[in-house]
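Since the structure comes first, as structure tokens, the remarks are kept for the end.
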Amino acid sequence: MKKVIYAINTSLDGCCDHTKFFPSEDTFAYFMQLTRDADTFLYGRKTYQLMVPYWPDIANDPSEQGNPDYEFAKAFDAVDKIIVFSKSLDSPEGKKTKIVSTDLQNEILKLKQEQGKNILTGGVTIPSQLAALGLIDEYHFVVHPIVVGEGRRLFEGISLQQNLQLKLVQSTVFKSGCIALRYLKQ
């Protein structure tokens, strides 16, 4: 059974707006490994449009070799499929992308039954819905030593029937001062 892993950068005050701060080299490597361990991405429209075509374009441009983003782009581009949950997106970019506008829960339960690597998700809206449904198996929060004071917040708008109990199973302190926290759903 595949695992659904939610991974995101966040500030100390819970801001996960990608325009407010930038990952360091060591945190970038952390996310690259998570990407290499996945064969499926789950996104909402906004996160999908941030990631595609940006990363595939870098991966397929030979002039980008040597660019620090190139290795991540290659790992991103190697993922087998991208599932986008959207009611407003009409057509996907590329052959790997499938747009789904039906029941999120049933689609994820089917994906989890497939053989293969992990299912990786990011952003806020879809992961919040997945967390509320109890479908996330691991949470990877990379906390940056910064207080932003504004911007999109982690689990913004989440509605839980009961508290989500997590168990810390790993923490990694990076040279940059960031801390990667890995939690399992209890």
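The values are calculated or read from the model by the stated rules, or taken from the named source; none is laboratory data. Given the structure is predicted, the values throughout are model-derived calculations rather than measurements. Accessible surface areas use protein heavy atoms only, side chains included; no ligands, DNA or RNA. Shrake-Rupley method; radii C 1.70, N 1.55, O 1.52, S 1.80 Å.
Take the chain with all the other protein chains still there, run a 1.4 Å probe, and you get 54 Å² of accessible area per residue. Largest accessible area first, the listed residues Y70, Y6 line up as Y70, Y6 when surface is computed with a 1.4 Å probe on the assembled protein chains. Remark: region 64-79, residue by residue, has Karplus-estimated 3J(HN,Hα) of 7, 4, x, 5, x, 6, 4, 5, 5, 4, 5, 5, 4, 5, 7, 5 Hz, where x stands for each Gly or Pro and the curve is 6.51 cos²θ - 1.76 cosθ + 1.60 at θ = phi - 60°.
In this model, which of K74/K117; K2/K167; K46/K167; K2/K185 are farther than 24 Å apart at the alpha-carbon? Going by Cα-Cα distance, K46/K167 fall outside the 24 Å limit. Per-residue surface analysis assigns M1 an accessible area of about 150 Å², computed on protein heavy atoms at 1.4 Å probe radius. Using Cα positions and a limit of under 18 Å, work out the aspartates and glutamates in reach of K20, with same-chain residues fewer than 8 apart set aside. Output for K20: E150, E156.
Of all beta bridges that DSSP places with both ends in the chain, some 40 percent have antiparallel geometry. Counting protein heavy atoms only, region 55-186 has 48 percent of its accessible area on carbon and sulfur, 1.4 angstrom probe.
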